[in-house]
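Chemist: Pasting a structure here, questions to come.
The values are calculated or read from the model by the stated rules, or taken from the named source; none is laboratory data. Keep in mind that what you see is a predicted model, and the values were worked out from it rather than measured. Here the Cβ positions follow ideal geometry from the backbone for every residue, glycine too, while neighbour counts run over all protein chains shown. Protein only, heavy atoms only, side chains kept; ligands, DNA and RNA dropped before computing areas. Shrake-Rupley method; radii C 1.70, N 1.55, O 1.52, S 1.80 Å.
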Amino acid sequence: MCSLRVPVIDVHSDNFSELWPSMLLALKTASFIAVDTELSGLGSRRSLLNQCVEERYKAICLAARTRSVLSLGIACFKTLPDKGEDTYLSQIYNLTLLCTEDYTIEPQSVQFLVHHGFDFNKQYSQGIPYYKGNDKEDERHLQSVRTLFLELLRARRPLVLHNGLIDLAFLYQSFYAQLPDKMMNFIADLSEMFPAGIYDTKYASEFETRFTASYLEYAYKKCKRENGKLMESSSRHLVVEFCHYSPAMSAYVEYRLCSLPDPTDPSTETPNICERFSAYGWCPNGVKCAQSHNIDLIIEEDEKCKQEKKKRRRKRKKMSGTEVHTEMDSLPPSKLNSGVSLKGNDMEQGEIGETDSLMNNVDCHMEDDKDGSRNLLESVSSATSHQPEKTPLSQDCAPAGASLPTSSAEGGTHRAGFDAFMTGYIMAYVCLLKEKDSASCCLPDCINKIYLSGKNVPLQIAKSVFSKSSRGHAQKMRLISSVGS
């Protein structure tokens, strides 16, 4: 069985300065950067899915201005060409944040985060402080989240998100400047902020890989599952490696062990799968749902359905002598096209629920580090050196028989850092699948296309000849280009 042991570095106010050099180095040397956020709420879900995209943007702006980012996940992926074109070094940070201004926090968001292990006591005692909107002082020489975001922009690397429109708005409002009132100005700003492009793995999962479902955990596990098959067949496959951290870092590093599922016993009765969760990664009953939310079972069922459809298609072709094609063949094979009947409200809650992190039952868990001398070998100084490629690394998959903790079928924690890693992993696998240049993360069919819930076309991040950048953005761009960060 192939296991992925992912180290997530916990960053808070007490160690922010200590970890600052390593975070900057990770940003500057990355081939692409994946980001995810945990939010205090989103406001009206129905407004966020308004058919008018401009009205939808106004609702997102209202949410970003009145809610806060509770934690920020950053996963840096660096190609290691000396180890193969599809080998990456991944460094993952989970930043606990505390907005210093008044903000709204929604009960359902709190309940979800508490259930999945978010420590609000830690947030209020050790959260890294930040303020929203325009700069209040010269940030160039400060070690702050706003400055870290400026360094991310200075790195000029591709930015990768999953269902990323809301994340982009919150990142902009929380760490950059006041959001412009009009969407066309926001788009113009983004096109200049990220010249290497923005990639949305939800869009890629639907329109590039054509997965049956495209919510984050499903897409990640599907990619990891398919990559495992490539490994077993000795085909070209994705390899992710991680730094070994020193005993001095043991208090900051949490490990999440993710494994491919064991082969199922055909004689074992398969539990009923929750259709809502299967389609959108969200269920109104949460952990109280009597049906299964197991992603591995969901993927297995989808693969069985796919094989059955292929058999029926071959049978029809054999009977008619010609292959039958339908108009739907060109569309993403969504759950709705696979016979799952959901109400419109379920669809809306599912799409927004994914962005609001309303997921559960992750076949991954955080492993307490009980043997720092074995797991944490690299010193902080080594992690911040200018030759990270020489760092001892642990491979994506542990060898058979390796001593690893047993993974749990239920997820006990939820981290923006690990979600960012899953997002980056999907991106790396899609690059492999499409046989593109992984070093430049170039997917021409996906660049600057942001998934829009309920729409058949994405939001294109491209500056229009009729739009101009906002004033706050122009000031920030001058700061980014200034010497002496």
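Chemist: Any residue at all in region 29-38 that's in contact with an Asp or Glu (Cβ under 6 Å, 6 or more places away or on another chain), closer than 22 Å to ILE198 by Cβ and open to solvent by 10 Å² or more (accessible area, probe 1.4 Å)?
Modeler: For region 29-38, residues in contact with an Asp or Glu (Cβ under 6 Å, 6 or more places away or on another chain), closer than 22 Å to ILE198 by Cβ and open to solvent by 10 Å² or more (accessible area, probe 1.4 Å): present.
Chemist: I would also like to ask the following. Looking only at region 71-109, which residues are of a type in the set (Val, Ile, Thr) and not in a loop (DSSP other than H, G, I, E, B)?
Modeler: Correct list: ILE74, THR79, THR87, ILE92, THR96.
This table checks each residue for (1) open to solvent by less than 60 Å² (accessible area, probe 1.4 Å); (2) closer than 17 Å to ARG225 by Cα.
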{"residue": "PRO271", "(1), (2)": "no, no"}
{"residue": "PHE277", "(1), (2)": "yes, no"}
{"residue": "CYS289", "(1), (2)": "yes, no"}
{"residue": "LYS306", "(1), (2)": "no, yes"}
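Chemist: Oh, and also: Going by the structure shown, is ARG140 touching a Gly at 6+ places or on another chain (Cβ under 8 Å), under 23 Å from PRO21 (Cβ atoms) and of a type outside the set (A, V, I, L, M, F, W, C)?
Modeler: yes
Chemist: Scan region 177-221 residue by residue and report those that are on the phi > 0 side of the Ramachandran plot and open to solvent by less than 10 Å² (accessible area, probe 1.4 Å).
Modeler: Selection gives GLY197 alone.
Chemist: Can you confirm whether region 50-67 contains a residue that is of a type in the set (Gly, Ala, Ser), surrounded by fewer than 18 Cβ atoms within 10 Å (Cβ to Cβ) and not in a loop (DSSP other than H, G, I, E, B)?
Modeler: No; the residues of region 50-67 include none that is of a type in the set (Gly, Ala, Ser), surrounded by fewer than 18 Cβ atoms within 10 Å (Cβ to Cβ) and not in a loop (DSSP other than H, G, I, E, B).
Here's the yes/no breakdown for (1) at pLDDT 60 or above; (2) open to solvent by 10 Å² or more (accessible area, probe 1.4 Å); (3) part of a loop (DSSP other than H, G, I, E, B); (4) not charged (D, E, K, R):
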position	(1), (2), (3), (4)
CYS397	no, yes, yes, yes
PRO405	no, yes, yes, yes
GLY424	yes, no, no, yes
CYS431	yes, no, no, yes
LYS455	yes, yes, yes, no
SER467	yes, yes, yes, yes
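Chemist: When region 222-254 is examined, which residues are found to be surrounded by fewer than 22 Cβ atoms within 10 Å (Cβ to Cβ), assigned to a helix (DSSP H, G or I) and modelled with pLDDT of 90 or more?
Modeler: ARG225, GLU226, GLY228, LYS229, LEU230, MET231, GLU232
Chemist: Among the residues of region 97-109, how many are open to solvent by 10 Å² or more (accessible area, probe 1.4 Å) and closer than 24 Å to PHE421 by Cβ?
Modeler: The number of residues fulfilling the criteria is 1.
Chemist: If you take just the helices (runs of 4 or more DSSP H) that sit entirely in region 110-195, which of them hold at least 3 residues that are farther than 30 Å from ALA219 by Cα?
Modeler: 120-126
Chemist: Can PRO21 be described as open to solvent by 60 Å² or more (accessible area, probe 1.4 Å) and part of a strand (DSSP E or B)?
Modeler: Taking the combined requirement at face value, the residue does not satisfy it.
Chemist: Condition check: among the polar types (S, T, N, Q), open to solvent by 10 Å² or more (accessible area, probe 1.4 Å), outside any strand (DSSP E or B) and free of Cβ contacts under 8 Å to residues at least 24 places away in the same chain. Does SER13 satisfy that?
Modeler: Considered against the rule, which asks whether it is among the polar types (S, T, N, Q), open to solvent by 10 Å² or more (accessible area, probe 1.4 Å), outside any strand (DSSP E or B) and free of Cβ contacts under 8 Å to residues at least 24 places away in the same chain, SER13 comes out as no.
Chemist: On to the next question. Which pairs turn up if I take residues in region 123-150 that are more than 14 Å from LEU24 (Cβ to Cβ) and look for partners that are part of a loop (DSSP other than H, G, I, E, B) and open to solvent by 60 Å² or more (accessible area, probe 1.4 Å) with beta carbon separation below 6 Å, at least 6 apart in sequence or on another chain?
Modeler: GLN126/ASP14; PRO129/THR100; TYR131/THR100; GLY133/GLN178; ASN134/GLN178
Chemist: Taking only region 122-169 into account, find how many residues are in contact with a Pro (Cβ under 9 Å, 6 or more places away or on another chain) and either surrounded by fewer than 16 Cβ atoms within 10 Å (Cβ to Cβ) or not hydroxyl-bearing (Ser, Thr, Tyr) (or both).
Modeler: 2
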